[in-house]
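To keep things clear, I will list the structure first and then write my remarks on it.
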Amino acid sequence: MEKKRYIRVLTGSGACWAAERDGEAYMLTAAPYLGGVETGWHRAVCECKLLAPFDGSKMVCVGKNYFDHIEEMKEAFGDGVPEKPVLFIKPTTCLNDPYGDIVYPAVSNRVDYEGELAVIIGRKMTRVSKEEALSYVFGLTAANDVTARDIQKGEGQWTRGKAFDGFAPLGPRIVTGLDPADLTVITRLNGAEKQRSSTSLLIRGVAELLSFITEAITLLPGDAVLTGTPAGVGPMAKGDTVEVEIPGIGILRNQVV
């Protein structure tokens, strides 16, 4: 599949999808996974305000999907590989832009970064087999599954600790034609590398995850599936800058305020 790059930008008339080529943003009539075509109008990407490349209905997230992350978190959440994928959903109010601020909640004493790969769905998926699942993927982007760790641990379920406004930075772009099983995920805090792993080490790969999810949850065009984070998660403080980089996709950079 050909590698293409898509971004979502803010224009005078609102949010707009664009194809990204040679430093230019070529505006589209609709989301690329909905068949949007170029309008003929373009401008330099450096002149655009980038928005999260997402306008789907939900973000379905996967926990405990790297062996090393399970090991580092065993004291808080138990040892061993889950029998089935651990799922939770981030509401769309969590969405944050590639260079947006992460607001530190007043009710939390520990907010963590979690860099990971996100999969963007291209067409409706209901009860799709593992063998067919990857054909439903439109493209890939980077994500930070920001987590209020003390709330997650203290309440015994994950939703509130992971669902604060702005706790799902995505971007900076969607790229098509990449192999989701062969990408490097890197997270830096104030320039210091904290996470580095490969999606080849996912306990359950993208195809298996999508098949499992769609046994129960219909995925719609534009929905995102966050595939899990590797070892190295840790706390952020106000004033920190966190970066999630996936070579071939780009760098997601956010400041904590």
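All of the numbers you see were taken from the coordinates with simple rules; none came from a lab. All values reported here derive from a predicted model rather than from experimental measurement.
Quick notes on this structure:
- Mean-position separation - Cα centroids, segment 109-186 and segment 197-257, in angstrom: 4
- In a fully extended conformation the segment linking Ser57 and Arg21 would gain 10.2 nm over its present Cα-Cα distance, using 0.36 nm per residue.
- Stretching Arg196 away from Lys130 to a fully extended chain increases their span by 21.1 nm, per 0.36 nm per residue minus the current alpha-carbon distance.
- Cα Rg, Dmax, the chain, angstrom units: 17.4, 55
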